[in-house]
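Engineer: One structure, as structure tokens, below. Some questions next.
The values are calculated or read from the model by the stated rules, or taken from the named source; none is laboratory data. These numbers were taken from a predicted model, which means no experiment stands behind them. Note that we place each Cβ from the backbone using ideal geometry, even for glycine, and neighbour counts take in every protein chain shown.
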Amino acid sequence: MNRNGKLMILGVIGLIVIFTGLYFLFQLVPQGPHPQAFVSNITVLNSTGSNINGVYVINGVVENKNTFNITVVNLNATGYDANGFEVDTGDGFTTLSPIPAGKNSNFSISLYDPQKLVTTYHVQVSDASK
């Protein structure tokens, strides 16, 4: 077998090794968002929103209903105009870290709204860490 034939075989073997490694890598890494079960035990108790100089600011309180502390809580919000159309989205975190079991923490989320169109909004807990 000549030199070019040997190089081609080595190249094919190398590609097989690379693709096999990538296959196993993607099998081990979780794909997409998979919220932990304890996220559903973190609830938004209340919130208020108002436009301050073109920024719609949402302030509120979440409760950790878990039996353990939560270190990070991520929330996201969507602001809507009077016709129900989305104006902007934003996310934020709680101010207290960790949040002890059974306790509350404040949060704040800002939406870009220079035309002051936001009339309603929806806030939800999107992720959390122990």
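Engineer: Pull up the stretch 111-124, narrow it to residues that are of a type outside the set (A, V, I, L, M) and under 20 Å from L45 (Cβ atoms), then point me to the one that is surrounded by the most Cβ atoms within 10 Å (Cβ to Cβ).
Structural biologist: Out of the qualifying residues, it is Y121.
Engineer: Could I ask something else about it? How many of the residues in the stretch 58-89 are of a type outside the set (D, E), farther than 14 Å from V125 by Cα and modelled with pLDDT of 95 or more?
Structural biologist: 7
Engineer: I'd like the residue in the stretch 75-96 that is surrounded by 14 or more Cβ atoms within 10 Å (Cβ to Cβ) and of a type in the set (A, V, I, L, M, F, W, C) and, out of all such residues, is nearest to G54 (Cα to Cα).
Structural biologist: Top of the filtered list is V87.
Engineer: Another one. Which residue out of G92, G49 is at pLDDT 80 or above, under 18 Å from the mean Cα position of the chain (by Cα), in the same structural domain as Q124 (by TED's automatic domain parsing) and part of a strand (DSSP E or B)?
Structural biologist: Exactly one of G92, G49 is at pLDDT 80 or above, under 18 Å from the mean Cα position of the chain (by Cα), in the same structural domain as Q124 (by TED's automatic domain parsing) and part of a strand (DSSP E or B), namely G92.
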